[in-house]
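Below is one structure, written out as structure tokens, with a few remarks after it.
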Amino acid sequence: MMKHILILGGTGEARRLADRLAGTARVTLSLAGRTERPLAALAEMRSGGFGGAAGLARFMVEAKVDVLVDATHPFAARISHNAELVARQAGLPLLVVERPAWEKADGDRWIEAADMAHAAASIGPAPRRVLLAVGRQELAPFAAHPQHAYLIRSVDPAELPPGLAHARAILARGPFDEAQERALLLREGIEMVVAKNSGGDATYGKIAAARALALPVVMVRRPRPRPPGAVAGVEEALAHLAALPAERGE
């Protein structure tokens, strides 16, 4: 009987891993449901939360999951915590797929921020034109600083919190390369970028473009250190999974 691998997704790595494993194991790719039209995958897909750690544990028992893969976004701290807790309690293998964080390069003008509230305050008191590249779920802290003209880019329509009088939302799905990002920053007259330190290549274009244009970047640190034993990408994940015993308990 093939193993059942549950992949907690939300990243390109999760979808690519699910596609590569399809046919070699039973694979379920679970998405949080925050994106209205997620890209399709070859694996069985589910959408929506589990209802906390207890719900995840119940799903894993009912679905007879043998291996849990946490390939969520590096900022999805709660589900990652639940995955670690449930895998440990169930005695099941847990593989964390997490791309390394970006590191500051020569020419970068980074302002490190601990969280979104800190990031919003770090823009400063003087009005600026700001690209908010933080997704559509974490805009509320910026309403406390309404003097800035925010450009908010997201895959799905963003609901702007009250107070963002000078905000404008645009819809776009990446990846975007450096040339595309530079063109956007110049066209919109952007003076500062706010970004999560997501790591990887898919969204690095804006960081490289800001460097080229000598723009400051408020870089929000990840909410937790990269877990020991985490692998960086799909190939490493495949090698790790291939080395697991063929059946639970072997």
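Readers should treat all values here as calculations from the given coordinates under stated rules, not as data from a laboratory. Everything numeric in this text was worked out from a predicted model, so none of it was measured. Cβ coordinates were reconstructed from backbone atoms using ideal geometry, including for glycine residues, and neighbour counts include every protein chain displayed.
Observations, loosely collected:
- Total lysine pairs whose alpha carbons fall under 18 Å of each other in the chain (8 or more apart, or interchain): 4
- Environment charge at Val86 (Cβ cut-off 12 Å; Lys +1, Arg +1, Asp -1, Glu -1): 0
- For segment 97-179, the relative contact order works out to 22 percent when only alpha carbon pairs closer than 8 Å and six or more residues apart are counted.
- Potential extension, Glu44-Thr24 segment - 0.36 nm per residue separation minus Cα distance: 5.9 nm
- Contact order for the chain, expressed relative to its length and based on alpha carbon pairs under 8 Å spaced 6+ residues apart, stands at 20 percent.
- Estimated from helical segments only, the mean residue ellipticity of the chain at 222 nm is -8000 deg cm²/dmol, where each DSSP H run of four or more residues counts as -39500 (n - 2.57).
- According to the Cα-based calculation, Rg over Rh for segment 98-150 is 0.99, with Rh computed by the Kirkwood formula.
- Dimensionless Rg/Rh of segment 1-135 - Kirkwood Rh, Rg from C-alpha atoms: 1.07
- Segment 97-217: C-alpha gyration tensor shape, a/c 1.5 cut-off, then a/b vs b/c: rounded
- Entry for the chain at q = 0.08, 0.14, 0.16, 0.17 Å⁻¹: log10 I(q)/I(0) = -0.35, -0.95, -1.16, -1.25, Debye formula applied to identical alpha-carbon scatterers, no solvent contribution.
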